[in-house]
1. From (1) within 23 Å of residue 116 (Cβ to Cβ); (2) modelled with pLDDT under 95, pick out the condition that doesn't hold for residue 199.
2. So which of 447, 468, 395 is under 24 Å from residue 328 (Cβ atoms) and either modelled with pLDDT of 95 or more or within 30 Å of the chain's Cα centre (by Cα) (or both)?
3. On the basis of being aliphatic (A, V, I, L, M), open to solvent by 10 Å² or more (accessible area, probe 1.4 Å) and in contact with a Phe, Trp or Tyr (Cβ under 9 Å, 6 or more places away or on another chain), does residue 219 make the cut?
4. Mind counting the residues in segment 265-292 that are of a type in the set (A, V, I, L, M), open to solvent by 40 Å² or more (accessible area, probe 1.4 Å) and closer than 27 Å to residue 419 by Cα?
5. Looking for something farther than 23 Å from residue 693 by Cβ, out of contact with any Cys (no Cβ under 7 Å at 6 or more places or on another chain) and β-branched (Val, Ile, Thr) - is there at least one such residue anywhere in segment 503-511?
6. List every residue pair whose Cβ atoms lie under 7 Å apart, where the two residues are 6 or more positions apart in sequence or sit on different chains, the first residue falls within segment 333-345 and is within 10 Å of residue 246 (Cβ to Cβ), and the second residue, located anywhere, is open to solvent by less than 20 Å² (accessible area, probe 1.4 Å) and among the small types (Gly, Ala, Ser).
7. Need pairs with beta-carbon distance below 8 Å; first residue closer than 12 Å to residue 644 by Cα and within segment 372-384, second open to solvent by 80 Å² or more (accessible area, probe 1.4 Å); sequence gap 6+ or separate chains.
8. Only one of 320, 325, 330 is open to solvent by 10 Å² or more (accessible area, probe 1.4 Å), closer than 18 Å to residue 257 by Cα and in a helix (DSSP H, G or I). Can you tell me which?
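The values are calculated or read from the model by the stated rules, or taken from the named source; none is laboratory data. Since the structure is predicted, the reported quantities are computational estimates derived from the model, not experimental observations. Positions of Cβ are backbone-derived with ideal geometry, glycine not excepted, and every protein chain shown enters the neighbour counts. Please note that ligands, DNA and RNA were not included when accessible areas were found on the heavy atoms of the full protein model with its side chains. Shrake-Rupley method; radii C 1.70, N 1.55, O 1.52, S 1.80 Å.
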Amino acid sequence: MGPPRQRTIVLLFLAAMLPILSSSVSHLLSARLAPALPLAARNPNRLLLLSLLPSSSPLRAFCPSTRATCSSAAAMADATLVADNPLLADFEFPPFDAVQPAHVRPGIRALLARLEGELEALEKGVEPAWGKLVVPLERITDRLDVVWNVVDHLKAVKDSADIRAAVEDVQPEKVKFYLRLGQSKPIYQAFNAIRNSPEWDSLSDARKRVVDGQIKDAVLGGVALEDEQREKFNQIQQELEKLTEKFSENVLDATKKFEKLITDKKELDGLPASAFGLAAQTAVSKGHENASAENGPWIITLDAPSFMAVMQHAKNRALREEVYRAYLTRASSGELDNTDIISQILKLRLEKAKLLGYKNYAEVSLARKMATVDRVQELLEKIRAASWDHAVQDMEDLKAFVKDSGSAEANDLSHWDLNFWSERLRESKYDIDEESLRPYFALPKVMDGLFSLANKLFGINVEPADGMAPVWNSDVKFYCVKDSSNSPVAYFYFDPYSRPSEKRGGAWMNVVFSRSRVLARNGSSVRLPVAHMVCNQMPPVGDKPSLMTFREVETVFHEFGHALQHMLTTQDEAFVAGISGIEWDAVELPSQFMENWCYHKETLLSIAKHYETGEVLPEEIYAKLVAAKNFRAGSFSLRQIRFASVDMELHTTYDPSGPVSVYDVDQKVAERTQVLAPLPEDRFLCGFSHIFAGGYAAGYYSYKWAEVLSADAFSAFEDAGLDNEKAIEETGRRFRDTVLALGGGKSPLEVFVSFRGREPSPEPLLRHNGLLPVAA
């Protein structure tokens, strides 16, 4: 779930102040909903008949109290949308194919009304006992999480003006409910009573983590605030929700807005055949019916597959510059300008932190993480210092190569040249062309190999289950995960392809349902976890399957790592099952761990087979891929350090009401994290969704923090011997039984020590990245 590929898990949609531990449930409102609904909703036909009566009829008295709506066609429509609303159905899997924007307002409002009643009942009868507190609380939070996540997910993958408007209308009501829930003093006091009771020591580790987490979340959610302070806190939360949503929409709209139509093929000289095919396919979708890869016309966009093809391969320097500048300045001007939104977000976060008694927002963010501000800054500086000289050498090597190539660009190397010439240098140095590797990485083969690896390491089988659950697009695949006894343990959706007109960029994993004992259905002992994985790789072109770059292969492995931690949990308490309740800076451990296997010989050769001939990737090319693994590692490391450092600066020392702009802060950070100074007009912050529209505010460092954990975890397999199948299998089972199984039921440090036998060390990360001598 970083910016190079926009890797995020959908914990991106959580707000730090809310006591929502990313749980989910399919148990919604069917017959149990009816008593709480108005007459019209329970029987829309009765409303229709009453609305046909003359206005003088005494039977009109039986209309609902809002009598004016009795004769309103709009009211009838709303009532029907509640009665037949797929969001309110008792579904086993979400009805992604049936939910329409028109269902959002009535569905969410009916659900909130129902849950408000349940919350009031809980508060009146709450007792400091698991069955009287946690069980009903889990049902309430899970119900709303599941339904809202369905809506939020559809907005991310099937965006439209209608769904945006619907979400905008009901979002304040949803936030209000979560605030009301998180600030419930009876619930907070009941959790504290459990914490201080004689029975505390007899609780399982998982249940202790549930209690401690709920107490901490309640405090961060403002439960201790009174009167004006609480009202102000809640206003801030509402405004932040609106601003982060608007930030995300502006980035999507700015990305979609840029389209460059090209009719002269010479302007695209250097682009690989796959990029020509994609550009022509995009042109067809934009109304150029006769567009073809050979004859055009072609449309270039800022969507990742199109953007990266231009930056890496277009010989046309002017085109590279135009596309680069467009990308770098997305959402930074006109009606889509995010500059003021950033300023407002930072001001509100600081104000919120001070209301809670913290000096800055970073302290709020890190209150629920492994690290402290000091330890984050220490780690970032250690990696920055280890990376700097390597990055300087990267730039010197690149300049020398460009000069030797006889290009005039050697004397004026700029940002839009770096990817292009780096790719040429990599081809020259390692005799490897990433585009020429695409035919070896057809999506079906990659997935087969990934699933085989999961079987070997974790003893699971992943089987297609298309048709078992509704999907939101015909390209979406559905899978069942089974254990060694052939019993289902989880399910997941996979949405692999880019759809720039409706789908948010990047790659992420999100929760559909969490594993839960409380919410088991159909006589089973536990509700199984369900996830979805979303990527944005190049779709099939013509009769060719989706042919992936090696980086896209790494991305799929990464997101599957997140999904595995969610799906292979053995925790039955939903608040700490899977990825729920895990400290944010540890949540990237399994995802980054899985990336390491892309360089494992047996694994890579099992997926790298030519889509036409079946030829396995030649071993000499595999050797070159491994040799090229740390190509420009110093530069890539510094890039991540820049993102993490500017994030921490903006949320610790920066004064959003002062004279210094956020862009000044970024430029200052870049002086020590970027060898080639950024352009004065660099506005990448306006597209930095991780920290302004997601869950990574004062948390982007988590990628590096978790990378330390993941590299050290993978070194356990290296120590066991990567060619020793039995040892790999045993180590894989231990990884499953600790890192993947324990979820948030133990602290991440305890989990890591249970697997590794000691605390983590940064040495394996620096060694893997070639930033330390192997003998270190």
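1. Exception for residue 199: condition (1).
2. Exactly one residue qualifies, and that residue is 395.
3. yes
4. Here the count works out to 1.
5. no
6. 336/254; 338/331
7. Filtered contacts from segment 372-384: 384/672.
8. 325
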